[in-house]
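The values are calculated or read from the model by the stated rules, or taken from the named source; none is laboratory data. Bear in mind that the values here come from a model prediction, so they are computed numbers and not experimental data. Ideal geometry is used to build each Cβ from the backbone, glycine not excepted, and the neighbour counts take in all protein chains shown. Keep in mind that these areas ignore ligands, DNA and RNA; they rest on the heavy atoms of the full protein, side chains included. Shrake-Rupley method; radii C 1.70, N 1.55, O 1.52, S 1.80 Å.
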Amino acid sequence: MTDQSSNQMWGGRFAAGPDAIMEAINASIGYDQRMAAQDIAGSRAHAAMLAATGVITDNDAEAIREGLLTVLSEIESGTFQFSTALEDIHMNVEARLKDIIGEPAGRLHTGRSRNDQVATDFKLWVRDQLDAAESGILALIKALLAQAEAGADWVMPGFTHLQVAQPVTWGHHMMAYVEMFGRDLSRVRDARARMNESPLGAAALAGTSFPIDRDMTATALGFDRPAANSLDAVSDRDFALEFLSTASICAMHLSRFAEELVIWSTAQFRFVTLSDRFSTGSSIMPQKKNPDAAELIRAKVGRIFGANTALMMVMKGLPLAYSKDMQEDKEQVFDAADNWMLALAAMEGMVKDMTANRVELAAAAGSGFSTATDLADWMVRVLKVPFRDAHHVTGTLVAMAEDRGCDLPDLSLADMQGVHAGITADIFTVLGVQNSVNSRMSYGGTAPAQVRQQVARWSEILGA
């Protein structure tokens, strides 16, 4: 049987409570109870403001404050009884507040609507998640910096098309992800700054006739300012979409790195060894050590992308101001936030624990004629040969080495001079992989000195 208290909350508009189907489709308490702390914080700020502006008495405000603290304590201790008949976290809290303090609870909702209330709660919740994401990204960047500093001069193959291209350093590869996650960090901070306007006091859509002080509540809740348009304030979900967009880009970066860790940890590559803490065994093959954490991070990007698309579809056709469709804004964000935070933490753990296998990295760095570009560059720089001609000569020498089953440094000087008479013994100073990486001294290049410079720059940025 439906709880008739829902009718009392509606003020007598409906003669009978909603049936079970309507209750099920209408209720959001099953998930929006996660915003309980934010809802109570918003209500406390609103009540204090109502008292300061003389809309309610100080005694009523004090009763509301104490009652809300009791409600919060019950929720945090797990003794609070949530009711689907009361639809959402806002009405559940208000109904319980009335049980505790009686008549003053009815004055709490003066000068506001559930429309501005839910927008405020949701913004506060998303803002907390952005702060958590910032902490997670910072921790991951620091773990990458430690790897980069340790392996600033460890050679490894650099790839294009997943084919060996040129030698790079382990540190350089780690710093590529520092740059990626650094951009994610800036997006998180940028999104937080843009969304930090308070919807509270916009009421249903048009503001209120009560002499409220929206600057007071905005300040109390840590917002920079009140939102400037009441219609926009209650109908805006850009902050949630921007959160999901930011999460999606960061999750894509996590997935790319996870893919590399999956490949690098195979027996065919053996570039890295992942710790047992982030690997699992096989139920049937005792030799297996599976990079399950990396694979799960790689998969979670689908859930986060899906959440972003789902909320875009919810919002795309809504006229101003509030529509009940917007109740479907939270589950996707909650799920995406959970998975983003988990993926960040798991990736940080893997990076901190993983071991780069320096011997295997170095052996692979010289494979696939990875120093061919160095040979061509030497001809341009020393012999003043046009690059296209040098490219052709190098291609011919690569084909010769391939036919003989050897690498470029294994060709004799006579072999090379048979293709281009101007080549001298000095060519062998650039064909080694360590010589190759040491020569890449352009800003942002893979030379160990450049890697260390970038590590120092980021350490200074982070205050590490």
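Among the listed residues 300, 289, which satisfies the condition of being under 21 Å from residue 183 (Cα atoms) and basic (Lys, Arg)?
Values: 289 fails: under 21 Å from residue 183 (Cα atoms).
That would be 300, the only listed residue that is under 21 Å from residue 183 (Cα atoms) and basic (Lys, Arg).
Looking at segment 425-448, which of its residues are closer than 10 Å to residue 155 by Cβ and aromatic (Phe, Trp, Tyr)?
Listed by number, the list is empty, since nothing qualifies.
Considering segment 352-367 alone, what residues qualify as being surrounded by fewer than 17 Cβ atoms within 10 Å (Cβ to Cβ) and of a type outside the set (Lys, Arg)?
Kept after step one, since they are surrounded by fewer than 17 Cβ atoms within 10 Å (Cβ to Cβ), are these residues of segment 352-367: 353, 355, 358-360, 363, 367.
Hits for segment 352-367 are 353, 355, 359, 360, 363, 367.
Can you pull out every residue in segment 374-391 that is under 45 Å from the mean Cα position of the chain (by Cα) and open to solvent by 20 Å² or more (accessible area, probe 1.4 Å)?
Hits for segment 374-391 are 377, 380, 381, 387, 388, 391.
Those residues that are farther than 28 Å from residue 139 by Cα and open to solvent by less than 10 Å² (accessible area, probe 1.4 Å), I need them from segment 322-351; list them, please.
Our first condition is that a residue be farther than 28 Å from residue 139 by Cα; within segment 322-351, this holds for 322-329.
Residues satisfying the conditions are 326, 329.
Taking residue 460 as the residue in question, decide whether it is touching a residue at least 24 places away in the same chain (Cβ under 8 Å) and either open to solvent by 40 Å² or more (accessible area, probe 1.4 Å) or closer than 24 Å to residue 168 by Cα (or both).
Values: touching a residue at least 24 places away in the same chain (Cβ under 8 Å): no; either open to solvent by 40 Å² or more (accessible area, probe 1.4 Å) or closer than 24 Å to residue 168 by Cα (or both): yes.
Against the criterion (touching a residue at least 24 places away in the same chain (Cβ under 8 Å) and either open to solvent by 40 Å² or more (accessible area, probe 1.4 Å) or closer than 24 Å to residue 168 by Cα (or both)), residue 460 does not qualify.
Could you count how many residues in segment 373-410 are free of Cβ contacts under 8 Å to residues at least 12 places away in the same chain and aromatic (Phe, Trp, Tyr)?
Total satisfying the criteria: 1.
Just to be sure before I move on: is residue 235 open to solvent by less than 40 Å² (accessible area, probe 1.4 Å) and out of contact with any Cys (no Cβ under 9 Å at 6 or more places or on another chain) in the structure I sent?
Working: open to solvent by less than 40 Å² (accessible area, probe 1.4 Å): yes; out of contact with any Cys (no Cβ under 9 Å at 6 or more places or on another chain): yes.
Yes, satisfied.
Within segment 238-250, restricting attention to residues that are of a type in the set (Gly, Ala, Ser) and either outside any helix (DSSP H, G or I) or under 13 Å from residue 194 (Cβ atoms) (or both), which residue is most open to solvent (accessible area, probe 1.4 Å)? Walk me through it before giving the result.
We begin by selecting, within segment 238-250, every residue of a type in the set (Gly, Ala, Ser); these are 240, 245, 247-248.
Add one more test, that the residue is either outside any helix (DSSP H, G or I) or under 13 Å from residue 194 (Cβ atoms) (or both), and what stays is 240, 245.
Working: 240: 0, 245: 40 Å².
Going through the qualifying residues, I end up with 245.
When you go through (1) among the hydroxyl-bearing types (Ser, Thr, Tyr); (2) part of a helix (DSSP H, G or I); (3) open to solvent by less than 60 Å² (accessible area, probe 1.4 Å); (4) more than 23 Å from residue 41 (Cα to Cα) one by one for residue 266, which number turns out not to apply?
Failing condition for residue 266: (2).
Yes/no matrix, rows are residues, columns are (1) within 28 Å of the chain's Cα centre (by Cα); (2) modelled with pLDDT of 95 or more:
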site	(1), (2)
191	yes, yes
218	yes, yes
232	yes, yes
259	yes, yes
274	yes, no
278	yes, no
286	no, no
293	yes, no
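Of everything in segment 437-453 that's in contact with a Gly (Cβ under 9 Å, 6 or more places away or on another chain) and open to solvent by less than 20 Å² (accessible area, probe 1.4 Å), which residue is nearest to residue 366 (Cα to Cα)?
437
In segment 35-59, what count of residues is obtained for those that are under 20 Å from residue 200 (Cα atoms), part of a helix (DSSP H, G or I) and either open to solvent by 30 Å² or more (accessible area, probe 1.4 Å) or not aliphatic (A, V, I, L, M) (or both)?
Residues that pass the stated criteria total 10.
Show me the helices (runs of 4 or more DSSP H) found entirely inside segment 113-232 where at least 1 residues are under 27 Å from residue 47 (Cβ atoms), open to solvent by 30 Å² or more (accessible area, probe 1.4 Å) and free of Cβ contacts under 8 Å to residues at least 24 places away in the same chain.
Working: elements: 114-150, 170-195, 214-220.
The qualifying helices (runs of 4 or more DSSP H) are 214-220.
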